[in-house]
Amino acid sequence: MASLSTKIKLYCEANSKVADFQNNIKLQDDSDGKGAYIKTWSVDGLAKPTDSQLASYETAGNTEESNN
C-alpha cells in the first residue's frame, strides 16, 4: 500500500505543483489506528485532495515506492 505522502506527491505533480511537506502540507498520525491524514493544506492554486482522488494514485504510488 502506497504511503499517503507518496500519493500526495503524485497528486501535486499531476497538477503541476510541488508537494512541500516542510511548509505547505502537514501530515499527522494520532496513533488511533486510523493512520496518517492531512492536517494542514495550503498549496496555492490546488484544492486539498479527497480520499477518492488520493486512492486513484495507489497503483502509481506502489510503483514509485518499489522503484525507489
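What the table shows:
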item	result
Sulfur and carbon atoms: percent of accessible area, the chain [1.4 Å]	46 percent
Cα-centred dipole magnitude for the chain, charges only on beta-carbon of K, R (+1) and D, E (-1), debye, nearest 20	160 debye
Positive dipole terminus of the chain, leading residue within MET1, TYR57, TYR11 (C-beta point charges)	TYR11
Taking the chain and dividing mean pair separation by its residue count, relative contact order in percent (alpha carbons under 8 Å, at least six apart)	42 percent
Full-stretch length increase - SER42, VAL18 - with 0.36 nm per residue and alpha-carbon distance subtracted	7.5 nm
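The values are calculated or read from the model by the stated rules, or taken from the named source; none is laboratory data. The shown structure was predicted, so the numbers you read here are calculated from the model rather than taken from an experiment. Reconstructed Cβ throughout: ideal geometry from the backbone, glycine too, with neighbour counts over all protein chains shown. Just so you know, the surface numbers come from the protein's heavy atoms only, side chains and all, with ligands and any DNA or RNA stripped out. Shrake-Rupley method; radii C 1.70, N 1.55, O 1.52, S 1.80 Å.
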